[in-house]
Amino acid sequence: KKHEDLLSDKIHQWGMAIDLNACIGCNACIVACQAENNIPIVGKEQVAMGREMHWIRMDRYYATPVYERDDHGHIEKEEGKKKAVPSWVKDNPELVPQPVACVQCENAPCETVCPVNATVHTEEGLNAMAYNRCIGTRYCANNCPYKARRFNYFDYNKRNPLIAHNLYKGPLGEKKVGEAPHLQRNPNVSVRMRGVMEKCTYCVQRLESAKIKQKQIGRAMALQAGTPSTAIEIGPEDLRVKTDSVRTACQEACPTEAISFGNLLDRKSKVWRAKYTDHLRDDGTYDPKPRNYDVLNYIGTVPRTSYLARVKNPNPDMPDAKYRGLATIH
C-alpha cells in the first residue's frame, strides 16, 4: 500500500519542523507554551528535584575546536610533537540550542505501555492525552526516549508552590483560587490535577477551534445559497483548515520564526516545504530535504517533529575556519 492509503484522516496530518539555523535559544517558546497550556510553576524546591513542568526544554550542545590528530587520536601540536593525553580547548566553545518537546511519534513507545489507554493516537497523527483516564503509573514517561513527558506530583494548580513546603500540606495548604494566576488560565485548555501525566499537544485546542470555524463558514455559505438548515451536510473536506492558518503558541512567540507547523498533506504549507523536496518516491512519499532529520531516527519512532540541521559557512581566511561548526567525535 502507498503512504496515503494508510492514513486514517486524509485531510489533516499535522507536523512540525524546527530550524536550528534560526533558533537562538531565547526560551520564548517555553514561556509562550506555559502561558497557553496552563502549565503550572512548581517552585524552587521541586525544580531542584527535577520536577519542572514546562512541556518544552531547551537542550544546549557545546563544541570546541577539533585539531589534527595522529593515528591514535591524539592532538598534534603545531611543532609536530604528539601529546600522550589530549586536552580539550575550552576557549570560546560553540553553542547549538535545540528545543525539545513531545515529537508526536507515529510509532509511539508511550502508547503501547499505558495500561488504561490514557495516551492514544488520533486520526490526525497526534499523540493525545486523555487526562481523566490517567492513573499515574508513569510507564509512558519511562518509555519515552525523548523524555518529553511531565508528571504532576502535586496539585500545582490548586496550591501555591511559592510558599515553602506548601505543596506537602495537601488539603491544608494555602490555595491559589481567586488570585491573579488563577484568572490568567486559558479556558480552552484543561487544568491537570495531581497524579496526571501531561505533555505537548501541538496546541490541539487551536486545531479544533480552526476546524469549528471552517464548519461555521461552510454552514453560513450553505445558508446564503438558500439551502435549508436541516439539509446542510458538512463533510470532512469542508473542515479542511486553510494553509498555515493555525499557529502553535511556541511558533507565534519565536522571534526568528524557527518553528514551522502545519498540515503535512498540504504541499503549499510552510512545514511541508521545510521538510520535503518535490521528488516523489514509489511508496507515495517525498524525499526529505538534506538538512531535515529526525532525532533518534534509528529507534523507529517516526516522529512528526523534525529538525533542520545547523549549517555554517565561515570565511576560509578566519583562524580555525575549517573546524567551525564541527563537534568533537568524543
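The values are calculated or read from the model by the stated rules, or taken from the named source; none is laboratory data. Just so it is clear, the model here is predicted, and its values are computed rather than measured. Using ideal geometry, Cβ is built from the backbone for each residue, glycine included, and neighbour counts are taken over all protein chains shown.
Tabulated values for the structure
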read-out	value
Filtered residues of the range 29-48 (kept if crowded, with 17+ Cβ neighbours inside 10 Å and at pLDDT 90 or above)	CYS29, ILE30, ALA32, CYS33, GLN34, GLU36, ASN37, ASN38, ILE39
Residue match in the range 228-242 (condition: acidic (Asp, Glu), under 25 Å from PRO97 (Cβ atoms) and assigned to a loop (DSSP other than H, G, I, E, B))	no
Only listed residue being closer than 23 Å to ALA28 by Cα and either aromatic (Phe, Trp, Tyr) or part of a loop (DSSP other than H, G, I, E, B) (or both), chosen from THR301, THR256	THR256
Among the residues listed as TYR146, TYR156, the single one being part of a loop (DSSP other than H, G, I, E, B), modelled with pLDDT under 90 and within 24 Å of the chain's Cα centre (by Cα)	TYR156
So ARG273, is it basic (Lys, Arg), assigned to a helix (DSSP H, G or I) and surrounded by fewer than 19 Cβ atoms within 10 Å (Cβ to Cβ)	yes
Boolean, ARG194 is over 26 Å from HIS12 (Cβ atoms), assigned to a loop (DSSP other than H, G, I, E, B) and either in contact (Cβ under 8 Å) with a residue 60 or more places away in the chain or in contact with a Ser or Thr (Cβ under 7 Å, 6 or more places away or on another chain) (or both)	no
Qualifying residues in the range 168-201 (those that are modelled with pLDDT of 80 or more and small (Gly, Ala, Ser)) - the one farthest from ILE30 (Cα to Cα)	GLY195
Selected residue [modelled with pLDDT of 95 or more, surrounded by 13 or more Cβ atoms within 10 Å (Cβ to Cβ) and not polar (S, T, N, Q)] from VAL103, VAL89, VAL96	VAL103
Selected residue (only one of ASP287, ASP266, ASP283 is touching a His at 6+ places or on another chain (Cβ under 8 Å), in a loop (DSSP other than H, G, I, E, B) and among the acidic types (Asp, Glu))	ASP283
Residue match in the range 202-218 (condition: touching a Lys or Arg at 6+ places or on another chain (Cβ under 7 Å) and modelled with pLDDT under 85)	no
Any pair with Cβ under 8 angstrom, 6 or more apart, that starts in the range 282-300 at a residue that is within 26 Å of ALA22 (Cβ to Cβ) and in the same structural domain as ASN21 (by TED's automatic domain parsing) and ends at one that is assigned to a strand (DSSP E or B) and acidic (Asp, Glu)	TYR286/ASP278
Contacts under 7 angstrom Cβ, first residue in the range 34-63 being touching a residue at least 12 places away in the same chain (Cβ under 8 Å), partner charged (D, E, K, R), 6 or more apart	ASN38/ARG185; VAL42/ARG51; VAL42/GLU52; MET53/ARG150; TRP55/ARG150; TRP55/LYS199; TYR62/GLU94; ALA63/GLU94
ARG304 assigned by TED's automatic domain parsing to the domain that holds PRO99, under 19 Å from LEU95 (Cβ atoms), modelled with pLDDT of 70 or more and basic (Lys, Arg)	no
Enumeration of residues in the range 253-283 that are more than 20 Å from LEU126 (Cα to Cα) and under 18 Å from the mean Cα position of the chain (by Cα)	ALA253, CYS254, PRO255, THR256, GLU257, ALA258
